[in-house]
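Written out below as structure tokens is the structure these notes cover.
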Amino acid sequence: MDPSHHARTNALPGAEARRRTLLALSAVCAAMMTYVGLYQARVLRALVCPGLGRRCEQVADLPSPYPFAAPDGFVAAGGYLVLFALAIRRRASARWKRATLVYAVAIATIHVLGVIDQARAGTACFWCVLAALCGPALVWAARA
């Protein structure tokens, strides 16, 4: 085995692990937000909200969570799916990697701002807070 192959394989695992983490976290966040969106669209009758009682439903029922005339749970899920799509390429150009990082920072920031808005309304959604807490890990994983 030539030494350059060994050097390349030592460099890959960290980047590949971050990419897989980004794929997993964006998929989990998309699933959580789809769950909230299904309640907002009244496909589900109630939201399970561990430790917060009915607060998830209070947040989902606020008049503001309907940007683009769609439940914001679905909008957020779509955002995480875009991040998933950006991360799916194994060998991406530097420009593609920068775009993925910028997008991860943007979606993490928007989600944190949404949770701050919920706190100002005096309530909180477990799923939204959990997705916002994933933000730093998403940004870490998106860095190339």
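Observations on the structure shown:
- Each other residue within a Cβ distance under 13 Å of PHE84 adds +1 if Lys or Arg and -1 if Asp or Glu, for a net charge of +3.
- Axis of helix 94-120 versus longest Cα principal axis of the chain: the two differ by about 20°, to the nearest ten degrees.
- Our summary gives the chain a relative contact order of 34 percent, counting only alpha carbon pairs under 8 angstrom and 6 or more residues apart.
- For the stretch 3-142, the Stokes-Einstein estimate of translational diffusion at 20 °C and a viscosity of 1.002 mPa s comes to 135 µm²/s, using the Kirkwood hydrodynamic radius over alpha-carbon pairs.
- Cα long-axis angle, helix 72-87 against the chain (0 to 90 degrees, to the nearest 10): 0
- Full extension of the chain between LEU44 and ALA70 gives 7.8 nm of extra length, using 0.36 nm per residue less the Cα-Cα distance.
- With R₀ set to 25 Å, the beta-carbon distance separating ARG54 from ALA31 gives a calculated FRET efficiency near 0.70.
- Over the chain: helical MRE at 222 nm, DSSP H runs n ≥ 4 each giving -39500 (n - 2.57), nearest 500: -24000 deg cm²/dmol
Values in this text are rule-based calculations from the coordinates and carry no lab data. From a predicted model like this one, the values you see are computed outputs, not experimental measurements. All Cβ positions, even for glycine, are placed from backbone atoms using ideal geometry, and neighbour counts span all protein chains on display.
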